[in-house]
Amino acid sequence: MLLVTGHAWLALLHAALLSLTIWASTARSNTAQRVLELAPPLIIIAFAYGEVALLIAGLSIPFHDATVQRWDAALFGFQPSHQLATKLPIFAISELLHVGYLSYYLALAVPPLLLYARGKANAFEQTTVVLCVTWLIGCALFVVFPVAGPRFLWSSPPGVPDGPFRRLSMSILAGGSVRGTAFPSLHMAASLSQ
C-alpha cells in the first residue's frame, strides 16, 4: 500500500482538482457540468489559504506586525485591535461586531448559491471567478507581506464582554485561523468582490 507522507498529499489533491477542472471544461453542455468545472477552484482557494503558513515558513519571510501596529498607532493613537474592547466594554457592541465577523462566511457562500439556484449561470460563473481571483490575490499578498495579527501576538484583553457570537467567532478562529493572514482583510476584499 502506497503511503503519502509530508505535504505530498497536498500536491496530489491539487493535481486531482486541476484534472477535474480540465475534464469538466472540455464540455459545457449544461449548468451542472459548469458547476463541476467551477467547484474545484473554490475548493482550491480554501486549501490555498491553509498553505499560506507553509509558504511563509518555507520561504522564511518575516512577519510585518510591527509595521501595521505603527500604522494603527499613527492613525488612532492606540492599538484598536488590542485596546478598543477594553475602552468600550459594551456587550451589545461586542456581539454586533462578532456577528459582522461571522457574516463573512455567509457573504462568501450565499451570493453564488442564490445565483445558481435562480438559474443565472453567467452571473454564477462571473461571481465565482471573481471570488477565486480575489482570494488568490489575497493569499499571494499574505505570503509577500505576512501579518500574524493580534490573535497570535496578544491574549484577549481584559474586560471583553463574552457572549455566544464572540465564543463562536473565537472557536472558528481557534480551529482555522492561519498565522500570517491578518492584513489586508480578505474578509472585506472577498465580500466586496461579490
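Overview of results
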| item | result |
| --- | --- |
| Residue in the range 152-159 that is within 13 Å of the chain's Cα centre (by Cα) and without any contact (Cβ under 8 Å) to a residue 60 or more places away in the chain present | no |
| Any hit, the range 99-108, residues being among the hydroxyl-bearing types (Ser, Thr, Tyr), modelled with pLDDT under 85, within 16 Å of the chain's Cα centre (by Cα) and open to solvent by 70 Å² or more (accessible area, probe 1.4 Å) | yes |
| Boolean, residue 166 is under 16 Å from the mean Cα position of the chain (by Cα) and of a type outside the set (S, T, N, Q) | no |
| Qualifying positions in the range 147-164 - open to solvent by less than 80 Å² (accessible area, probe 1.4 Å) and in a helix (DSSP H, G or I) | 150, 152, 153, 164 |
| Selected residue (criterion: farthest from residue 183 (Cα to Cα)) from residues of the range 114-140 that are part of a helix (DSSP H, G or I) and open to solvent by 80 Å² or more (accessible area, probe 1.4 Å) | 117 |
| Total residues in the range 165-194, condition charged (D, E, K, R) and not in a loop (DSSP other than H, G, I, E, B) | 2 |
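Results for (1) assigned to a helix (DSSP H, G or I); (2) open to solvent by 60 Å² or more (accessible area, probe 1.4 Å); (3) among the small types (Gly, Ala, Ser), shown as yes or no for each residue.
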| site | (1), (2), (3) |
| --- | --- |
| 44 | yes, no, no |
| 53 | yes, no, yes |
| 62 | no, yes, no |
| 66 | yes, no, yes |
| 70 | yes, yes, no |
| 73 | yes, no, yes |
| 85 | yes, no, yes |
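The values are calculated or read from the model by the stated rules, or taken from the named source; none is laboratory data. The model shown is predicted, which means the values in this text are computed figures rather than measured ones. All Cβ positions, even for glycine, are placed from backbone atoms using ideal geometry, and neighbour counts span all protein chains on display. For accessibility, only protein heavy atoms count, side chains too; no ligands or nucleic acids. Shrake-Rupley method; radii C 1.70, N 1.55, O 1.52, S 1.80 Å.
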